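Report on the following structure.
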Amino acid sequence: DAGITQSPRHKVTETGTPVTLRCHQTENHRYMYWYRQDPGHGLRLIHYSYGVKDTDKGEVSDGYSVSRSKTEDFLLTLESATSSQTSVYFCAISSIRDRRGYTFGSGTRLTVV
Amino acid sequence: AQTVTQSQPEMSVQEAETVTLSCTYDTSENNYYLFWYKQPPSRQMILVIRQEAYKQQNATENRFSVNFQKAAKSFSLKISDSQLGDTAMYFCAFMKPGGTSGSRLTFGEGTQLTVNP
């Protein structure tokens with residue numbers, strides 16, 4: 001494995017509850033990303049990080065927040081989950097010297113009921 | 001902003017035959033990278049092939065090759081001698097090299113490829 005893990009792999013939660021997804025890497029890569037995958041939309045960027053405490057919004061950031069207090073961990077939080085946030089969430093990492101694109105985690109399937 | 005379009009939501013091919021997946025993109029950049037990712041039912045995202053825009057030669061990886069037409073902003077993937085294990089969702093993706101804040105991948109909608117025995 002490329003040294004990136006996501007947890008949990010599956011989660012079912014109720015509308016209105018907070019949810020935190022975790023991405024952990026052992027590659028010491030500077031850049032980390034959160035994407036969501038939905039049918040007909042491919043993968044869309046939620047938030048990304050370019051260093052500890054350095055984060056920025058992607059194209060679908062509403063309703064999500066992130067934190068990166070350590071190089072190895074990037075957390076995605078849904079403050080109050082809604083049914084529209086039912087999706088598969090992917091974390092990815094990259095190094096500025098790595099032009100092979102990203103290395104992805106195995107994804108988290110989140111269902112909001 | 002960059003956009004990536006995959007106009008074929010689903011495709012099928014017989015085992016051992018050749019299939020081509022289409023991808024077009026829109027950008028005003030001159031320097032960028034293009035990728036094809038494969039996502040089998042396991043959900044894992046697997047890099048298939050990449051192309052640097054400054055290279056005229058089309059990239060090839062074993063049975064996978066691309067037809068990169070920079071002026072037409074087209075980046076198709078050809079799979080030769082299709083195998084059952086090629087059954088997957090395929091995503092085309094665009095990357096503009098970034099500065100300090102890094103690079104971001106923009107994905108197409110995906111094409112579900114089914115290889116039939």
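Within 30 Å of B:Ser7 (Cα to Cα) and buried (at least 17 other Cβ atoms within 10 Å of the Cβ): does that describe A:Gly40? When the stated conditions are applied, A:Gly40 does not pass them. Note on the range B:38-65: residues that are assigned to a strand (DSSP E or B) and away from chain A (no Cβ under 14 Å) total 3.
Highlighted here are the strands (runs of 3 or more DSSP E) found entirely within the range A:1-82 that include at least 1 residues which are closer than 21 Å to B:Leu47 by Cβ and touching a residue at least 40 places away in the same chain (Cβ under 8 Å): A:4-7, A:19-25, A:31-38, A:42-51, A:73-78. Identify all residues within the range B:87-117 that are more than 8 Å from chain A (Cβ to nearest Cβ) and of a type in the set (Phe, Trp, Tyr); write none if there are none. Across the range B:87-117, the qualifying residues are B:Tyr90, B:Phe94. If I ask for residues that are at the interface with chain B (Cβ under 7 Å from one of its Cβ atoms) and either among the charged types (D, E, K, R) or at negative phi (or both), which ones from the range A:40-59 would you list? A:His41, A:Leu43, A:Leu45, A:Tyr48, A:Tyr50, A:Asp56 - these are the residues of the range A:40-59 that are at the interface with chain B (Cβ under 7 Å from one of its Cβ atoms) and either among the charged types (D, E, K, R) or at negative phi (or both). Could you tell me whether the range B:41-52 includes any residue that is acidic (Asp, Glu) and more than 27 Å from A:Asp56 (Cβ to Cβ)? Among the residues of the range B:41-52, not one is acidic (Asp, Glu) and more than 27 Å from A:Asp56 (Cβ to Cβ), which makes the answer no.
Read-outs: derived from the displayed coordinates by stated rules, not from any lab. Quick caveat, the model's predicted, so the values are computed rather than measured. Backbone-built Cβ (ideal geometry, glycine too); neighbour counts: all protein chains shown.
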